Amino acid sequence: MFQPLTYDGLAHRLPKRPSQSHKGTFGRTLLVGGNAQLGGAIILAAQAAVYAGSGLTTVATDVANHTALHARLPEAMVSDWSNLAQLKELTQAADLVLLGPGMGLDAFSCQRLHRILDWLKPGQKLVLDGDALTLLARHPHPVPSGVPIVITPHQAEWQRLSDLAIEDQTPQANLAVQKQLGFNLVLKKPGTELYLTDGSCYQLTVGTPAMATGGMGDTLAGMVAAFLAQFPDDFNLALCSAVFLHSYLAQELAQTQWVVLPHQISEKLPSLMKHFIG
């Protein structure tokens, strides 16, 4: 059922950066998340997006996170997510929206989720991660048509969204629910599984228990967003490459480290992508 994701089959097939290009060439990415208590999640996602090559990256988040974002990642633009008019403008100007890291589960965050789903239009892309998945499971809302959607749940989040208990999350059961939902599914687990809307299924052959630390999924979501934004004509290849390189790089770092920290993956990404893509 699964095709293995391998070093030789992926990122080197992605296109090199054309000599005639500018920052808009590589995607306008909007990340939405990070309440006053969980700002680290959206910062990690934004760092991964920038370091993975997103041309223009904007973060809509709680004002409590703005100073830290400016200090940690001056390459990213920052917006107050309580300003609905500005959030709508940013959403509709983006090539891709990543929604969910550190978002929280309160009514405010639920409103932001539903508004953004309403504002998206065909031709854009959407990545849903973390709290956005739990909110969507608790408070269902129509998803936009004509917008390719990637969801990146861990098994507990997938249980909430699919109604499949973790012990019942067999490949056949996962595939059946994924087809019903119509999303591209990246199911995070040892041997992460990908179920794509074109019917293809993949499984990771790399990874390490050194990745089991907070923020690792936020970094993956940021990488996925950046790859999909900057390689718009290579959706499946870009998605699979982001998922593979995330675990591949962690596995490489784990050869000399007891634990791999998410920001370390981001910091190594530019040189790794240069090696892979050229």
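The values are calculated or read from the model by the stated rules, or taken from the named source; none is laboratory data. The structure displayed is predicted, hence computed values, not measured ones. For neighbour counting, all protein chains shown are included, and Cβ atoms are generated from backbone atoms with ideal geometry for every residue, glycine included. Areas reflect the complete protein model, heavy atoms only, side chains present, ligands, DNA and RNA absent. Shrake-Rupley method; radii C 1.70, N 1.55, O 1.52, S 1.80 Å.
Structural remarks
- Residues of segment 29-75 satisfying the condition of being open to solvent by 10 Å² or more (accessible area, probe 1.4 Å) and closer than 16 Å to Ala132 by Cβ: Asn35, Leu38, Ala41, Leu44, Asp62
- For segment 260-278, residues that are open to solvent by 80 Å² or more (accessible area, probe 1.4 Å), under 18 Å from the mean Cα position of the chain (by Cα) and free of Cβ contacts under 8 Å to residues at least 60 places away in the same chain total 1.
- Members of segment 188-201 that are of a type outside the set (Gly, Ala, Ser) and either out of contact with any Phe, Trp or Tyr (no Cβ under 6 Å at 6 or more places or on another chain) or open to solvent by 40 Å² or more (accessible area, probe 1.4 Å) (or both): Lys188, Lys189, Pro190, Thr192, Glu193, Tyr195, Leu196, Thr197, Asp198
- Selection within segment 79-129: residues that are in a helix (DSSP H, G or I), out of contact with any strand residue (DSSP E or B) (no Cβ under 7 Å at 6 or more places or on another chain) and among the aliphatic types (A, V, I, L, M). The member of this set that is nearest to His139 (Cα to Cα) is Ala107.
- Test for Asn35: is it more than 16 Å from Ala225 (Cα to Cα), of a type outside the set (Asp, Glu), in a helix (DSSP H, G or I) and at pLDDT 95 or above: no
- Any chance Gly39 is under 26 Å from Met273 (Cα atoms), among the small types (Gly, Ala, Ser) and touching a residue at least 24 places away in the same chain (Cβ under 8 Å): no
- Residue count, segment 176-230 (criterion: in contact (Cβ under 8 Å) with a residue 60 or more places away in the chain and over 17 Å from His246 (Cα atoms)): 2
- Hits in segment 234-259 (condition: among the charged types (D, E, K, R) and free of Cβ contacts under 8 Å to residues at least 24 places away in the same chain): Glu252
- Of the residues making up segment 148-160, those that are of a type outside the set (D, E, K, R) and either under 18 Å from Leu105 (Cα atoms) or over 15 Å from the mean Cα position of the chain (by Cα) (or both) are Ile151, Thr152, Pro153, His154, Gln155, Ala156, Trp158, Gln159.
- Looking across Leu220, Leu181, one residue alone is of a type in the set (A, V, I, L, M, F, W, C), open to solvent by less than 20 Å² (accessible area, probe 1.4 Å) and under 19 Å from Leu126 (Cα atoms). It is Leu220.
- Filter result for Glu252 (open to solvent by 10 Å² or more (accessible area, probe 1.4 Å), part of a helix (DSSP H, G or I), farther than 23 Å from Arg13 by Cβ and among the acidic types (Asp, Glu)): no
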